[in-house]
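Notes to accompany the following structure.
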Amino acid sequence: MPEQNDKNQKAISLEELKEKVRNNNFQYEDFENYYKQMREKEKEFLSLLEWVCQSKRDDKNLQRLLQRSSLESVSNLMEDLKNLGYGVQKDLGEDFAKMGYRLLEQVRAGKTSDVMYGISRIFITHQRNLPDILNEAFKPYYDVETFKCLLYAFLSAAIKPERKSKQEA
């Protein structure tokens, strides 16, 4: 039985994707589906590598591989959070602007639960679910500095800039 990912889409291999391209029989969803599969596999790989590194702390090669892989993963997550921020700016940007300084200060202080509460409150007020990718930034395995970078990337994009009147300019 083929593996399924979210939204009950059939898992697609790289070879199947290449075949669709050769036959000019592809859609955006095929690429998005494959991308999501690769991200999930990357997360599984990182979890496994972290577990192995904890049991083999003296293996420097494994430790270096984990560090290299983790940095790439955080970089991708930061980019995704920035894109999410720009995506929610139209509908939620004013609310993020109103709470912006408070949220930024809480992020700076490393108050993860307060930041989660503030952001959740904005989404709930607009009857929207908190996106999974945003939840990822609050996972306990990220250190405080990484958490700050991730949230700064999101908030800097989500906060709608104030428009200056012509008289102020």
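The values are calculated or read from the model by the stated rules, or taken from the named source; none is laboratory data. Predicted model, so just to flag it, every value in this text is computed and none were measured. Please note: Cβ atoms are built from the backbone with ideal geometry, for glycine as well, and neighbour counts cover all protein chains shown.
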Next item on the list: Go over the candidates 136, 162 one by one and state the one that is surrounded by 14 or more Cβ atoms within 10 Å (Cβ to Cβ) and in contact with a helix residue (DSSP H, G or I) (Cβ under 8 Å, 6 or more places away or on another chain).
Entry: 136
Item checked: Sole exception among (1) without any contact (Cβ under 8 Å) to a residue 24 or more places away in the chain; (2) assigned by TED's automatic domain parsing to the domain that holds residue 133 for residue 15, by number -> (2)
